[in-house]
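Structure first, commentary second.
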Amino acid sequence: MAGIGNRLKTAFVVVWLVALAACSATYQNHGYVPPDSDLEELVVGVDTRATVDDTIGPPSTSGMLGGGDYYYVRSRFKTFGPTRPQEIRREVLAISFDGNDVIANIERFDLQDGHVVALSRRVTSSSVQGNGFLRQMLGNIGTIDPGQVF
């Protein structure tokens, strides 16, 4: 009988340890921002878009129009248990060019500098607002055409 009690205690401890390990935080990194050593090779007002492509590579994100500015983005997310991932760090490197494709400015931004921007917003207005369930049901009486039913 004592052997069963010890087995239950051992099973409980094992389940507890597995549950505790499952709730540990996990981190995920997304994106790429070139290191400062590579950026030191770029000179504002001298280097061109082709030089940036050769030195640090083209970004995965660029301006909306062809020939736009370059944006390098890196994010770090923390996930704890079943909760949704939380962005704990973001770094954006923006390289802007003038009309001759020469570097005009190099800027860095982090999570505190960011603003939420809605890129697309599609809202469909509802025609049933202010109408209760009975008003909607009774409003359909008389709108049925018997010719369409048969």
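The table below lists the values:
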{"item": "Among residues of segment 89-107, those that are without any contact (Cβ under 8 Å) to a residue 40 or more places away in the chain and in a strand (DSSP E or B), counted", "result": "5"}
{"item": "So Gly99, is it closer than 23 Å to Thr26 by Cα and exposed (fewer than 12 other Cβ atoms within 10 Å of the Cβ)", "result": "no"}
{"item": "Residue match in segment 11-28 (condition: surrounded by 10 or more Cβ atoms within 10 Å (Cβ to Cβ), touching a residue at least 24 places away in the same chain (Cβ under 8 Å) and touching a Ser or Thr at 6+ places or on another chain (Cβ under 6 Å))", "result": "yes"}
{"item": "Residue satisfying condition, being modelled with pLDDT under 85 and either closer than 18 Å to Asn100 by Cβ or charged (D, E, K, R) (or both), within set Ser24, Ser62", "result": "Ser62"}
{"item": "Segment 29-48, residues that are in a loop (DSSP other than H, G, I, E, B) and free of Cβ contacts under 8 Å to residues at least 24 places away in the same chain", "result": "Pro35, Glu40, Glu41"}
{"item": "Selection count, segment 82-96, where residues are charged (D, E, K, R) and loosely packed, with under 12 Cβ neighbours inside 10 Å", "result": "1"}
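The values are calculated or read from the model by the stated rules, or taken from the named source; none is laboratory data. These figures come from a predicted structure and were not determined experimentally. Methodologically, a virtual Cβ is constructed for each residue, glycine included, from the backbone with ideal geometry; neighbour enumeration extends over all protein chains shown.
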